[in-house]
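The structure appears below as structure tokens.
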Amino acid sequence: MEDLIGKQIGPYQIVGCMGVGGMAAVFKAYQPRMSRHVAIKILPRHLSSKANFVARFIQEARVIAKLEHPY
């Protein structure tokens with residue numbers, strides 16, 4: 001995974017790496033417009049051309065987007 005710390009991805013500024021797994025890396029980012037820190041999961045370039053990995057990644061994002069928690 002390339003070093004993304006300090007880079008801008010859309011509205012997010014990458015501030016650190018939280019962890020790296022077999023399928024992706026999770027970065028801590030800052031979203032200035034909302035004044036908050038967020039976690040961003042990024043699929044590495046070498047897997048982004050493989051349809052099965054992209055499909056799993058999108059499925060996981062959809063499932064996580066549906067989660068609700070009172071805190």
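The values are calculated or read from the model by the stated rules, or taken from the named source; none is laboratory data. Note that the structure is a prediction, hence the values are computed from the model and not measured. Note that we place each Cβ from the backbone using ideal geometry, even for glycine, and neighbour counts take in every protein chain shown. To get the accessible areas, we keep the full protein, side chains included, count just its heavy atoms, and leave off ligands, DNA and RNA. Shrake-Rupley method; radii C 1.70, N 1.55, O 1.52, S 1.80 Å.
Could you tell me what % of all Cα pairs in the chain have separations over 21 Å? In whole percent, the share of Cα-Cα pairs in the chain beyond 21 Å is 32. Magnitude of the charge dipole for the chain, about its Cα centre and with charges confined to Cβ atoms of Lys, Arg (+1) and Asp, Glu (-1), is about 140 debye.
What 222 nm value per residue comes from the helices of the chain, counting each DSSP H run with n ≥ 4 as -39,500 (n - 2.57) and dividing by all residues, nearest 500 deg cm²/dmol?
-7500 deg cm²/dmol
Average accessible surface for the range 1-44: 64 Å² per residue, computed with a 1.4 Å probe over protein heavy atoms with every protein chain in place. Solvent-accessible area of the chain (1.4 angstrom probe, protein heavy atoms only): carbon and sulfur portion equals 56 percent.
List the trypsin sites (Lys or Arg not before Pro) in the chain that DSSP assigns to loop (not H, G, I, E or B) and whose Cβ has at most 15 other Cβ atoms within 10 Å. Which are they?
7, 50, 66
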